[in-house]
Amino acid sequence: MNPQQEAELIEQCRSDPAAFGQVFDCWYKPLFGYIMRRTADYDLSKDIAAETFLKAFLKINSFKWRGISLSAWLYRIATNELNQYYRSSKYKPQSLQQLLENPQMEKLLHQETENEREIMEKELKAYNDYNLIRANLLKLDIKYQEVISLRYFEQKTNLEISLILDKGEGTVKSLLSRGLEKLRNML
């Protein structure tokens, strides 16, 4: 989606909250995949994805163009939710009650089917290499996990990662280099 289309979609969402369904439809699967690859837990990933989209829905009116695409903004929210999960002993979504009370958001809760769950779980089990890398990736500091996951699992460019994480592009390159070196040494 180009920046003009994103701007139009944001304006639609501001005037008609039901238009947020288009944001959800466009970015749910990539964001859910990103979260799933970071957590390897389907139910937890669903919770974090729901929280991500709820926060985006609640804040869409305050979204301002500052050189960050809507996609990067959503990934930033998801990354913050993942960081909150890893900082706490147990993830406790703060605003899921608001989601349950908002009838316009019901689509977000019931969109995915059990069949999709089975597909995602089978896909994860099929990648033994992924599981080995992921196990070692989780031993790294979160700052390395973020950049490696976004770069290699989400296929984001260094510029996109710098926008998502609000870090300089040079810092992202440095974190990638150091993180990959640490990961190689573990393997």
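The values are calculated or read from the model by the stated rules, or taken from the named source; none is laboratory data. All values reported here derive from a predicted model rather than from experimental measurement. Methodologically, a virtual Cβ is constructed for each residue, glycine included, from the backbone with ideal geometry; neighbour enumeration extends over all protein chains shown.
Observations, loosely collected:
- Residues in region 59-73 that are in a helix (DSSP H, G or I) and of a type outside the set (Ser, Thr, Tyr) were compared, and the one that is modelled with the lowest pLDDT is Asn61.
- Test: residue in region 72-89 that is aromatic (Phe, Trp, Tyr) and closer than 18 Å to Ser162 by Cα: yes
- Filtered residues of region 18-44 (kept if among the hydroxyl-bearing types (Ser, Thr, Tyr), surrounded by fewer than 23 Cβ atoms within 10 Å (Cβ to Cβ) and either closer than 14 Å to Trp73 by Cβ or at pLDDT 90 or above (or both)): Tyr28
- Flag for Asn80 being modelled with pLDDT under 90 and not charged (D, E, K, R): no
Condition check ((1) among the aromatic types (Phe, Trp, Tyr); (2) part of a helix (DSSP H, G or I); (3) under 19 Å from Tyr152 (Cα atoms)) across all residues:
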position	(1), (2), (3)
Gln4	no, yes, no
Glu8	no, yes, no
Val23	no, yes, no
Ile35	no, yes, yes
Phe53	yes, yes, no
Phe57	yes, yes, no
Tyr75	yes, yes, yes
Tyr85	yes, yes, no
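- Yes/no for Leu109 being at pLDDT below 70 and part of a helix (DSSP H, G or I): yes
- Filter pass, Glu121 being within 23 Å of Asp41 (Cα to Cα) and modelled with pLDDT under 80: yes
- Tally of residues being surrounded by fewer than 16 Cβ atoms within 10 Å (Cβ to Cβ) and either hydrophobic (A, V, I, L, M, F, W, C) or closer than 12 Å to Ile10 by Cβ (or both) across region 64-80: 2
- In the set (1) among the basic types (Lys, Arg); (2) within 23 Å of Pro17 (Cβ to Cβ); (3) modelled with pLDDT of 65 or more, Arg87 fails one condition alone, (2).
- The residue that is surrounded by the fewest Cβ atoms within 10 Å (Cβ to Cβ), counting only those in region 166-176 that are under 17 Å from Ile142 (Cβ atoms) and over 20 Å from the mean Cα position of the chain (by Cα), is Ser174.
- Qualifying residue in region 2-13 (condition: more than 30 Å from Leu137 (Cα to Cα), surrounded by fewer than 17 Cβ atoms within 10 Å (Cβ to Cβ) and touching a Leu at 6+ places or on another chain (Cβ under 8 Å)): no
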